[in-house]
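> Please find one structure pasted underneath; my questions will follow.
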Amino acid sequence: MLQITQNDALCDALREASQKLGITQEEIARKADLSYSTLANYKTGHGPTLRNARRLAKILAKDVNEIFPETALRHEVVAVDRPRQSLNEVGQR
């Protein structure tokens with residue numbers, strides 16, 4: 001059976017910010033350029049990318065480590081641009 005672990009620190013920070021700013025959690029998600037369903041996933045323990053964690057932390061006026069355990073952050077893969085080769089160049093190797 002799948003067990004869902006709630007991120008209590010994030011839930012508390014969202015509730016606090018929502019009350020302090022007088023806005024809904026849906027509006028907080030929008031300000032962080034996230035969908036509400038993405039935010040809901042984070043609340044249930046799914047780890048965000050570092051970029052999304054930083055966006056939320058900024059909106060919530062919290063440190064990233066306060067609202068997301070370090071191990072919960074997903075690693076982002078960054079593509080490295082390489083010069084394109086023609087098929088002739090590839091065949092010459």
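> I'd like to verify a number: residues in the range 9-37 that are farther than 14 Å from LEU60 by Cα and either open to solvent by 80 Å² or more (accessible area, probe 1.4 Å) or touching a strand residue (DSSP E or B) at 6+ places or on another chain (Cβ under 8 Å) (or both), how many?
So the count comes out to 1.
> While we're here: Just to be sure I understand the filter: pairs with C-beta atoms under 8 Å, separated by 6 or more residues or on different chains, first member in the range 10-25 and touching a residue at least 24 places away in the same chain (Cβ under 8 Å) and closer than 16 Å to ALA40 by Cα, second member open to solvent by 80 Å² or more (accessible area, probe 1.4 Å) and part of a helix (DSSP H, G or I). Which pairs pass?
Qualifying pairs under 8 Å: ALA13/GLU66.
> Has the range 68-90 got at least one residue that is within 17 Å of the chain's Cα centre (by Cα), surrounded by fewer than 15 Cβ atoms within 10 Å (Cβ to Cβ) and modelled with pLDDT of 90 or more? If you could, list the steps in order and put the result at the bottom.
In the first step, residues of the range 68-90 are kept if they are within 17 Å of the chain's Cα centre (by Cα); the result is 68-78.
Going one step further and asking which of them are surrounded by fewer than 15 Cβ atoms within 10 Å (Cβ to Cβ), we end up with 69-71, 74-78.
With the extra rule that they be modelled with pLDDT of 90 or more, the set shrinks to none.
Among the residues of the range 68-90, not one is within 17 Å of the chain's Cα centre (by Cα), surrounded by fewer than 15 Cβ atoms within 10 Å (Cβ to Cβ) and modelled with pLDDT of 90 or more, which makes the answer no.
> Would you mind stating whether ALA40 is in a helix (DSSP H, G or I) and either crowded, with 18+ Cβ neighbours inside 10 Å or modelled with pLDDT under 85 (or both)?
On the way: in a helix (DSSP H, G or I): yes; either crowded, with 18+ Cβ neighbours inside 10 Å or modelled with pLDDT under 85 (or both): no.
When the stated conditions are applied, ALA40 does not pass them.
> Could you give every pair whose Cβ atoms fall below 7 Å, whose first residue belongs to the range 58-69 and is closer than 17 Å to ARG15 by Cβ, and whose second residue is open to solvent by 60 Å² or more (accessible area, probe 1.4 Å), counting only separations of at least 6 or pairs across chains?
Taking only residues 6 or more apart or on different chains, the pairs are ILE59/LYS31.
> Moving on to the next point. For the structure I just gave you, tell me whether LEU56 is open to solvent by less than 30 Å² (accessible area, probe 1.4 Å), at pLDDT 85 or above and in a loop (DSSP other than H, G, I, E, B).
Judged against the criteria, LEU56 is not a match.
The values are calculated or read from the model by the stated rules, or taken from the named source; none is laboratory data. If you're wondering where the values come from, they're calculated on a predicted model, not measured in any experiment. Note: ideal-geometry Cβ built from the backbone for every residue, glycine included; neighbour counts use all protein chains shown. We work out accessible area using only protein heavy atoms, side chains counted, and drop any ligands, DNA or RNA first. Shrake-Rupley method; radii C 1.70, N 1.55, O 1.52, S 1.80 Å.
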